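For reference, the structure is listed below as structure tokens.
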């Protein structure tokens, strides 16, 4: 279940990697885009340093659920506002939540695998999780150009409903896709946090030795 969750997270990260730039270029130029990408991505550096210095604590399932819920919320908010500053702010917060998600997932999986099987199992885990990225890269353009962008065009099917809230025109279809993606990630976080088998996972020898 955790490996499948990892693959789903990779899928939505792949969508963001593919479509963040087109959404931003509908609002600004390439120079501001580069600065925005750097500022947003620095969230990963900040939270990674925090984890390295302070650690995560022992309740990894709870941390996973909470951080994944925050990531979903910030993902959705990135697509909500047709303005550079809020996109960068929520992008920074989204990337800041990711190391907590990734670290919790990896610790929970690794510490529940026998040491002699770590190499074999983790190579399979990595392959399965990367399927999410491949699916995202293969579908992002189609979803944006042929489905979501037409819906939020000036006279699109959702122009008078969703468009009244998040705007219409170039980039707003991608914004709506980000909103839906964030909501799905948020729901997954809540559901995974309630799965008893995940909540009962124990930290194994790796954590004890640490």
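Values quoted throughout were computed directly from the atomic coordinates according to the rules given, and no laboratory measurement underlies them. As the structure is a prediction and not an experimental result, all values here were calculated from the model. Backbone-built Cβ (ideal geometry, glycine too); neighbour counts: all protein chains shown.
Seen against the Cα atoms of the chain and their longest principal axis, helix 60-80 is set at about 10 degrees.
Separation of the range 68-127 from the range 44-65 is 11 Å, based on Cα centroids.
Contact order normalised by length for the chain, with contacts defined as Cα pairs under 8 Å and 6 or more residues apart; what percent is it? Reported as a whole number, the value is 36 percent.
D by Stokes-Einstein for the range 24-74, Kirkwood Rh over Cα pairs, 10 °C, 1.306 mPa s: 121 µm²/s.
Give, to the nearest whole percent, the P(r) tail of the range 2-201 beyond 26 angstrom, counting all Cα pairs.
36
Shape class of the range 116-210 from the alpha-carbon gyration tensor: prolate, with a/c at 1.5 or above and a/b greater than b/c.
Going from the fewest other Cβ atoms within 10 Å to the most, the residues 161, 28 appear in the order 161, 28. Extension gain for residue 31 to residue 164 (0.36 nm times residue separation, less C-alpha to C-alpha distance): 45.0 nm. Taking the longest Cα principal axis of the chain as reference, the axis of helix 2-25 is set at about 30 degrees. If r is the Cβ-Cβ distance from residue 121 to residue 62 and R0 is 25 Å, what FRET efficiency results, to the nearest 0.05? Here the calculated transfer efficiency is 0.55. For the range 68-182, the C-alpha radius of gyration divided by 2.2 N^0.38 Å, with N the number of residues, is 1.35. Rg/Rh for the range 63-113 (Cα atoms only, Rh after Kirkwood) is 1.14.
Only DSSP H runs of four or more residues enter the estimate; each adds -39500 (n - 2.57), and after division by the residues of the chain the mean residue ellipticity at 222 nm equals -25500 deg cm²/dmol. Taking only the C-alpha atoms of the range 146-196, Rg followed by Dmax gives 13.9, 47 Å.
Ranked for footprinting exposure by Cβ neighbours inside 10 Å, fewest first, 50, 176 give 50, 176. Rounded to the nearest 10 degrees, the inclination of helix 84-110 to the longest alpha-carbon principal axis of the chain is 20 degrees.
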